[in-house]
Every structure is written in C-alpha cells, then in structure tokens.
1. Tell me the residue from C:T191, C:T196 that is hydroxyl-bearing (S, T, Y) and within 16 Å of ligand 1 (Cβ to nearest atom), please.
2. Is it the case, given these coordinates, that B:A496 is over 16 Å from the mean Cα position of the chain (by Cα), surrounded by fewer than 20 Cβ atoms within 10 Å (Cβ to Cβ) and more than 29 Å from B:P23 (Cα to Cα)?
3. Restricting the stretch C:158-176 to residues that are among the charged types (D, E, K, R) and surrounded by fewer than 22 Cβ atoms within 10 Å (Cβ to Cβ), which is nearest to ligand 1 (Cβ to nearest atom)?
4. Of C:R208, C:R151, C:R214, which residue is within 16 Å of ligand 2 (Cβ to nearest atom) and either under 24 Å from C:D20 (Cβ atoms) or crowded, with 20+ Cβ neighbours inside 10 Å (or both)?
5. If C:A67 satisfies every condition in (1) within 14 Å of chain B (Cβ to nearest Cβ); (2) small (G, A, S); (3) within 16 Å of ligand 1 (Cβ to nearest atom); (4) touching a Leu at 6+ places or on another chain (Cβ under 7 Å) but one, which is the exception?
6. With (1) in contact (Cβ under 8 Å) with a residue 12 or more places away in the chain; (2) facing chain B (nearest Cβ under 10 Å); (3) within 15 Å of the chain's Cα centre (by Cα); (4) on the phi < 0 side of the Ramachandran plot as the list, and A:A87 as the residue in question, which single condition is left unmet?
7. Counting only residues that are modelled with pLDDT of 90 or more and assigned to a loop (DSSP other than H, G, I, E, B), which one in the stretch A:117-129 is nearest to the chain's Cα centre (by Cα)?
8. Quick check, is B:A505 under 30 Å from C:V85 (Cα atoms) and either out of contact with any Cys (no Cβ under 9 Å at 6 or more places or on another chain) or not in a helix (DSSP H, G or I) (or both)?
Amino acid sequence: MRRLAVCAVTLSTLLPLAACSRRTASLKPQAQRVVVYVSEDQVFSQPVLEAFQKETGIEVRAVYDTEEAKSTGVMNRLMAEKDNPQADVYWANEPIRAEVLRQRGVAEAYDSPAAEGIPATFRDPEGYWTGFSARLRVLIVNDAVEKPPRSVLDLADRTWRGKVVLANPLFGTTTSHMAALFVRLGDAEARGFLDRLKANGVRLTTSNGESADQVAAGQAGVSLVDSDDAINRVRRGDPIRMIVPDQEPGGLGCFVVPNAVVLIHGGPHPDAARRLADYLLSPDTERRLAEADCAQIPLHAGVPVPKDVPSLGSIRVMKVSYAAVARKMVEIQQELKAWAGY
Amino acid sequence: MSPVRRAVLGSAVLLLVVAGLLPVAGMILRSLTAGGHLGFEAYRGLLGSARQWSLAGNSLLLAALTTVAALLLGVPAGVLVGRTDLPGRRLLAALLAMPLLLPPYLNAVAWMAAGSASGPVARVLGEGAARTLSHWLFGLPGCVLVLSTAFMPLIMLLVAAALRGVPPRLEEAGLLAAPWRTVLLRISLPLAAPAILLGAALVFLLALGDVTVPPSFRYPVFAVESLSQFSAFYDLSAATAAAMPLAAITAAVLGLEALVSRWTGAGTAGRGREPGPPPTVPLGRFRLPAAVTAWSVAGLLVGAPLLILVLRAGGPASYAAALGQAGGSLVRGLLLAAVGGTLLAAEGFLLAVLGVERPRGAGAAADATALFLFAVPGAVMGVGLIVLWNHPWANLIYATPLILLLGYLARSTAVTLRICRATLELVPPGLVEAGRVAGIGWGRRLVWILAPAAWRGLAAAWLAGAVFCLRDVGMTLLVHPPGWDTLPVRIMTLAANGAPELIAALCVLLVAATVIPVGLLAGLVGRMEAGS
Amino acid sequence: MSLLALEDVRVTFGHRVALDGVSLAVEVGERLVLLGPSGCGKTTVLRLLAGLAVPDRGRVLIGGRLAAAEGRLLVEPEQRGLGMVFQDLALWPHLSVAGNLELGLRARGTPRTDRRRRVRAMLELVELGELAGARPGELSGGQQQRVALARALVLEPEALLLDEPLSSLDLELARRLRTEILRLQERLGFTLVHVTHDPEEADQMATRTLRMDRGRLAG
Ligand SMILES: Nc1ncnc2c1ncn2[C@@H]1O[C@H](COP(=O)(O)OP(=O)(O)O)[C@@H](O)[C@H]1O
Ligand SMILES: [Mg+2]
C-alpha cells in the first residue's frame, strides 16, 4: 500500500517535470511564438489574441494585468525587465503608458502598414506606439438628474455640490484626463478647476467602474468615467445616461483614450511581434472590439459599429499631444497626490 | 561530520538562502542605493506624509482585529476538534481548515456576491437587507471577516496538534484533583501556549501583508497602497522602500514571538513517547450545544460563501465557459503544485532533520528564516525575485517556471518544515542510532530509516506544500513566465470586467481542484493507517 | 591490548554529571556485566562505547585505537564494528524482520544473494525462520527481543553491547533468552558487554561483573 503511495507521488512529480522540461526546452527564441503583455482587460483582449494565434499559427504567450488598484502591473514588469526583455509586444489600454515606455527607452519604433488610416493624433510621430480602438472620457448621469451637465468643467459648479464622484486621479485614465486638462487649459486654470471641484465636495472612488456603479445606484448624481463603463450599464438597463462632454463649437472637445501597441526594444521574437502589431491595428480587430462588451470606438474610418457605440466622425475630439500629456502627468504627480489627500 | 551530510544539509540551507533571503536582501540594497549612491532617498516620501501614517494605522488595526477574531475562533475550535468527543469533529476540522487551502480573496468574492443587488440576500430578505450587508462588509468588517476565516485554521491546527502532544501523564495527574475543564484550562492550554503564540504571530503578519482582500472591500491599507505606488509611478525603488516597513515588522514580530516563547519555557515540555492517542475529553451535557454552535459557525463562515459561489455560478454553461477560459491555467497550477509540493517536502524534511540534529544553532536559524519568508508579503517577494533573477544569464530560471518554484520554496518552506519537524520529533531516536551502530551511513539512514519512519509527515508535508503552491497569488502574479499563469492568477486577471457568473464558476473550480485531491489523499492515508 | 576501553571518562548533561572518572577495559571473548541501579550511568557507558555519546573528559579506545576524546568524536559509530541491542529495542517498524536484518548488510555493500543467505541463517539461529516476512509490530515481546539480537549479530560484530534487553520480559522468558544468548556467544565467539540492574541476571551471564553507582564504578 505504501509502495503504491510512493509510486503515486513520484509519478505526480516526474510527469509534470517532464512536461515542464518539454515546454521550457522549446522556450528558445524562434519565429513561431510571440510574447505579449496586456493591460487591456483579459476578457476583451484574450479572444483577439486567440484569433490571431488561430489565423497565423503563431503561438501567443500572454501576461495579463489585474484591476488597476490590485497589482503592481505588467508595466512595471516591462520596466524591470528592460535590460533583459521577455516581452515582444505591449498592448496598452491607454497611450500614456506607451509614451512612458518610449521615454524610458523600452519601446521600439515600428511603422505598421496597418496603421494607415488611423489619424495622426493617435500615433507617435516616430512610430514608437500606435493607437487603435478607443474609449471616450464621458459624463455618466443618473436619470433622476433633470438638467445634466454639458461640460466636464461644469462639475465644479455649485449646482453639483456633493453630487459628484470621481475615480482616484492617481490611477488609470483619470490621471491622463487630468493631465490632459492641464495641457489644454494651462496649469493655472486646471489647478483652479481641481480646487473648485474639491471645494464642491467631490468624493473619490477606487475605479471608474465603482464611480459608474454609484451613479447607477443613485448614491451620486454624476461622474466622469470611460465610455465602456457607461455603455455597459446602459445595456444592462441601469437608470443612467451617457453624455459626450464639451461638444459645442469651440469647446474643449472630448478626451479620447485609444489602446496602443508598443513593440519592445530587444524583444526575443521581433518578426512575430510585427505581425501581431499589424493584426491588432487592423480594422478587423477594431470591429471586434466595438462589438464586444467593451464597446470601443474604431479609429479607422468606415468600420461598422453597433448602434449604441458613437463613431469617431461624429465627435469633437480634444486636441492634445499624448506626449505632452505624459510629460505633464509626471510633472503634476506630487500635486495630484496632495490633492487626493496622500 | 560526514561529507554527505554536510553537502546535503548545506545545499538545503543554501537553497533557502538563495530562493528567499537573497531576493529580500537585494531589495533592501536596491532601495538604499536609489539614485546611484547609498542613502535613504527612496524612504524620504515614505514616512513623511500623514497619509502613510494613517495607512499604517489601518493596517495594524486590521491585523490586530483579525488576530483577535482568529484566536477567539481558533483556540476553541482547536480544543474541540483536537481533543473532545464532539460529533463529527474530523469533518468539522476539515471544513474549517478549507479556507486556509484557498486564496483568501475567494471568500471576499463570495461575500461581495452575497451583498450584491442580485444576490441571495437580496432575493430572500429583500434589497434593504442586501444593502445593509454590503454597506457593513465594505471596509474594515468585511476584511476582518474574510481574513480571520482564512487564517483561523492556522491557530486551530496548531492548537489541536499541541494539545495532542501534551504528555497524558501530566493531564492524568491533574485529573486526580480537578475536572477536565480545569485541567484543559490550567494544564493543557498553558502547555500549548507556544503554539497559540506562534499561530497568533503568523495570523497577524499574514493579515498585515495581504494585498488581495482589502482592495476588494475598498479598505485602504499600507501593503496595497505601497504596491500601488509602484504601479502608479513606475518607481521600483520607492515601491521597495514602501515594502520595507512590512519586512521590518515581520522580523520584529517573529523575533518577539521567539523571545516570549523561550521566556515561557519553549516547546511542549518533555514530549511523551507514550504510544496511542491522548485521552478524549468528554463534553458531557455540553456536547449538543457545543456541536450546534461549532457547526453553525462553520456553516456560516465556510459553507455559506461556498454555497453563494455555487448559486452565483449557475448552470453547467458557466462551468463550461470557465473551463474553456481557464482550463489551461488550472492544469498548469496543478502541475506546478505537484512539483512544488515535492520540492517543498524535500526541503522541509532536510531542514527539519537539521533542526533535530542541531536544535540551537543552524537548525534554529533555518527555522527562523523560513518563518520570516513565510510572513513576508508575496508581492514583496515577487519584486525581489524579479530584481534578482531578471538577467540574461539567468534566463533559464527567470524565463521558465523555475522562477515560480524558487518563489514557492521561499514562501512556504516554513509550512513543510514545521510539519516534518513535528513528525520527526515523534520518531524514537533509537531507530536512527540503531542504524548508526549497524554501520549505516548518514545519507542512507535518512532514506532507509528516517524518511520511512516519518512517511506520514512527509505525505502531509507534500500535500500542504502543493496546496500552498496552488493558492499563491501575490508572488505568482508578478513573476509567472508568459503562458504560465495559474488558476488563482487567472481569476484575478479575469476579474477586471469579467462576468460575475464566470468568476464565481472559476472560484468553484478552484475550490474543487484543491479540496478533491486533498480529500482523496487524506482518505487514502487514513485507509492505509487503518490497514497497517 | 583490550578490545574496548574507557580511560577516566566524564560525561555531563548540562549540570548533571552522568559519569565521572570511569575507567574500564573489556578483553576479547569475555562477558562483562555492568550492574547497578537505574540512573547510575550504565546506558551512558554503552553509548560511549558505541560512539553515540562523547566524553567531556577522558578517552575512549576501540581495539587500541583512539575513538573519542575530550568532547571530540574521532571514530563514527558506523565505523566501530560493534553490535548493540537497545533498551527499547529500536526495531525499524516499517521493515519486515528480514528487512531489519538486511539493512546493515546492504549498507556494507554485501551482495544480495549473500545477504539473503546470511539473514536466513541468522534467523534460523534465533528460531525466527518462519517470521522473516512479519513486521516488528506483529511480534510478541520475546520475538522482538530475538529480532533485535539477530539484527546486531548478523553483522558479525567484534563485541555486542546489550542494554537491559530483558528487563521488560517475564521471568521465565527472560531466563530462556539468557540461555539463548549464552549459546549464541559460545557459537559465534563475540565479546559481550551486558548492562542490568538484576543481580540474578549478572550471575548467570558474567565472566566478570563491575558494579556501578551514581556515575562511578564501585569497589
Ligand atoms: N540525554 C540525556 N539528557 C539528560 N540527562 C541524561 C541523558 N541521558 C542520561 N541522562 C542522565 O544521566 C544519568 C545516567 O543515565 P543512564 O546512563 O541512562 O542510566 P542507566 O542506564 O543506568 O539507567 C541519569 O541521571 C540520567 O538522567
Ligand atoms: Mg539505562
């Protein structure tokens, strides 16, 4: 009986070891594999990557991110691995991270043929990153609210005193949005807006999702979130509306947050990396991401979208350089920390 | 000393140092040399801000309350399942121990589902009740509830084991003069005090370092925010510096525990060699009330969350989807667990042998190191491993699952070491000495005599080691090579905007993947015992 | 030259002195019995000879060769070529009777067929031939005793150290086993160091008796 147990343990150790060694033996760089680090939610990104693997026969090895506040993130891994890159491609869920990678010398320039047709605003001029499928930064308003705000800046008005929630501006798209306001409005005006917002009793949440939930539950009147957060809750039947802000002629315009593809400098599979980048930047991927629950807006013209997803052509886009936004983000770091009470 | 002995035990110690101590030491060094020269720059922003102090306050409060709750639950539970005639005590012990085998955030997922607008509480008791529950859960109470449920088994198991190790003679001497209640309170439990103290210290540290549960309940704590710092500003040195207070507290608490337990006359005095289990304490007229209470608590803390997950997961379609999404990571997790368990059992066994042979010197140092590494937060260990191993010359380790195995060794050797140590102490020294006199060398004595004589402990260590590999999140999340994520990690990554049914089904899958093998193996061992 | 010798040894456990100023010599072929009350240090003497204990002061010699001195162990127990039967027997519970006998031979690299033959012969000698496959736990006290004896003797030691091996048996059985030990010694010709607190046992076994009391040799 005991001999049986010993055999069982030995087998259960050796078999996996054999399996491991087979896998690791084939870990040497070769063309038929690509390693991608992904910050876009796994639920949405995985199907795209699987389709790529199926269509090209190139094996995809992915490392996914967790929710913003719960992890140290793949970005950090990319940076920590700079001198010994493990990844070929980074799929960022916003271009600011891509910019940071470019500034720190982690990115590699690549002019993808698939990027043709994507407006220059959403691309790094030197090709270190290229944007695709975007989210908008929108206002989400509870149906009980009678006169909804039209501009992001309205949130600092007396009318909205105690009714606004905002995701912690130290994380994610909210950080970029604040930095974009600093770039577009100038430091003084943006600072004034933040101060008035604070005086207006804005409450901070841990994520855009939580903000949207609070508005849907009526615990808050209005918030500033990503378009997918809003569209999701509309589809679910929650009592909320989505408003694309600052659309009047001459207004600020809506801040757009595209995904971005970055090639990693010195990655082990450069050829496969380019093919994956081409694939991600294709109109087909954009269509897929528009139809999925993340409801993202295609940057290529003419990609068909579901009815409740706005198209890029119909929106007045905020004119900012993402590089400038990324630089500004680092600059105002301490200020935002202090503002958020850190 | 035989050269074989020196080589084998030396490499076991070396392995622990390389796998665990070096990464932590490397991080300390790196944080001290931020900005290119020696100094405390990285620490400057750390303790200066009021925010950090309030976070530290939150963390200590959470850890303290969790420890108190775990003691209040764990000590009585340990007495009941370890020594009394409580009906179904073995099953109860298994049920209560389950949360320890699983990542704590599973319970958090379940309780959040319970309080959600479409959850079972809302359906049965109305939306108001659900809102009250969820309002109450979010914050400190929810964290304490989940973390004390998760870590309480540590105290329960330590207390039960210690109580079974109390020499029956000491109790019998007391029984001549006093009833069982008094004997338990005045003789047995005081003898188990070192075990209780160790359990409390470990629970405190594990609660302090947990980075998965507090963010679920939106309770800001130091460990989470310090790592978020890393996340938000891409500053490795700052994150390392932020993690250092945790490592320091860990070392301090364990040092204190060692001091106090030495002071109070460490270890259960004079381990009895008397054969057979210690006498069972009859509960008498308290038997029924005790059973009802114990089973209700177990039902509420362990059964209810599981039921909620099953309900939320719904029909087979969810499980099919879950398997489709995460079947690969489930298999990988189990493979890694099997290999990791073997490594951990071997390492724990060798260090336990060292501990028995050199209880004061090297053995004690190895034990202290292993305990320290067990309590260091997983994410801290993860960052340390990256810093240490991410170099082109180390790709064979860093780019392969070997990095995970190193991490598992670092994090869980304490578990297998303690289990092996406990069984080795029960092996009569004469068995090994008889081998020496018979001319059997050290290595062969280990393989031919000691390991077979302690095989139950080794099996338990293997199982515990495997489970602790399978449940790890903090470290695995950070260092798993591309394509080598495990199921708990997959649950974390899919939780970002994933469908609640899918997440629940994945959780149930993880529970099954843990509990079924553990149950089967425990049953097999039990059968073999009965057979021999 | 004596086969085994202690020269002015002192052994302490913490503050407790277990042996003090003990000297003795064991000659080839003799049957030396150490007689004394419980706790006087008999077991410690055997452990010194076997190499399981080390003297704080004084020297231990095996076959004229220095084996331990002043807190240092110079010859490991596994190299001393002695046999020992422990007070609690210390049979290996996970091995069969034959397995218990075989292990020491295996460690020496004795070929398998040779091993089998010698184990079988030794078991016949102690009349345990039928029980070769049994586990120690399934045997009676007297049978276990004989397994322990056979396990020590199968290695053909120069000297056999017996630590009160019969103290837990009833009188009749103890008497029978003593006769058996004497018979075996006659046949195999090993030197015997035997420890007991029982004067009758000492009378029957000894060619020479040394009395011990509180860590010293008396008279
Ligand atoms: N490992 C030990 N630790 C502490 N004291 C011991 C140890 N072994 C023996 N002693 C003490 O040494 C003395 C002699 O013991 P021992 O040689 O076993 O006596 P005997 O065999 O004659 O009964 C006793 O007082 C005993 O308590
Ligand atoms: Mg004795």
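1. Working: C:T191 fails: within 16 Å of ligand 1 (Cβ to nearest atom).
Matching residue, one of C:T191, C:T196: C:T196.
2. Values: over 16 Å from the mean Cα position of the chain (by Cα): yes; surrounded by fewer than 20 Cβ atoms within 10 Å (Cβ to Cβ): no; more than 29 Å from B:P23 (Cα to Cα): yes.
No; evaluated as a whole, the condition is false for this residue.
3. Filtering the stretch C:158-176 for residues among the charged types (D, E, K, R) gives C:158, C:163-164, C:170, C:172, C:175-176.
When the remaining residues are screened for being surrounded by fewer than 22 Cβ atoms within 10 Å (Cβ to Cβ), the result is C:158, C:164, C:170, C:172, C:175-176.
Numbers: C:E158: 23, C:E164: 7, C:D170: 21, C:E172: 24, C:R175: 22, C:R176: 24 Å.
Here the answer is C:E164.
4. Details: C:R208 fails: within 16 Å of ligand 2 (Cβ to nearest atom); C:R151 fails: within 16 Å of ligand 2 (Cβ to nearest atom).
That would be C:R214, the only listed residue that is within 16 Å of ligand 2 (Cβ to nearest atom) and either under 24 Å from C:D20 (Cβ atoms) or crowded, with 20+ Cβ neighbours inside 10 Å (or both).
5. (3)
6. Every condition holds for A:A87 apart from (3).
7. Applying the filter and picking the extreme gives A:W129.
8. Details: under 30 Å from C:V85 (Cα atoms): no; either out of contact with any Cys (no Cβ under 9 Å at 6 or more places or on another chain) or not in a helix (DSSP H, G or I) (or both): yes.
So B:A505 does not fit the description; no.
The values are calculated or read from the model by the stated rules, or taken from the named source; none is laboratory data. Quick caveat, the model's predicted, so the values are computed rather than measured. FYI the Cβ positions are ideal-geometry reconstructions off the backbone, even for glycines, and counts take in every protein chain you see.
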